[in-house]
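Below you'll find the structure, written out as structure tokens, and then a few comments.
The values are calculated or read from the model by the stated rules, or taken from the named source; none is laboratory data. Since we're looking at a predicted model, the values are computed, not measured. When we count neighbours, we look across all protein chains shown, and the Cβ atoms used for this are built from the backbone with ideal geometry, even at glycine. The area values use the complete protein model at the heavy-atom level, side chains included, leaving out ligands, DNA and RNA. Shrake-Rupley method; radii C 1.70, N 1.55, O 1.52, S 1.80 Å.
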Amino acid sequence: MTKTTINSGAASRSRKATNKAKTITLADLCEQMKMKPREARMLLRLAVSKKDEFPALAEAHVPRQPWQWTVGSNALEEARKALTTLAE
């Protein structure tokens, strides 16, 4: 019985690690794009207000929550696009 409990605990820990690896945070994105987090947050807020240009980003963003996206999501691609186009 205890072996099952130990194995299921290890399995849940590995699932948590896998889920964590599939999330990109604002800090990760800023590091990739060589940008300051404060500037990135400002540009992302502007992009969220432009729902016609960045619909997936606007839908995915929850106010007062950290900026984070799943790898390969449309919202992440739109966040990258917003940071490159609005920064210019």
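Any aspartates and glutamates with Cα under 16 Å of the K34 Cα? List them, leaving off those in the same chain fewer than 8 positions away. Cross-link targets: E88. Annotation: aspartates and glutamates with alpha-carbon distance below 16 angstrom to K50 (same-chain offsets under eight excluded): E59, E77, E78. A simple packing score, the average count of other Cβ atoms within 10 Å per residue, orders the peptides 25-37, 45-57, 68-80 as 68-80, 45-57, 25-37, with the highest score first.
Summed over the residues of the range 33-88 and divided among them, the accessible surface reaches 71 Å² per residue at a probe radius of 1.4 Å.
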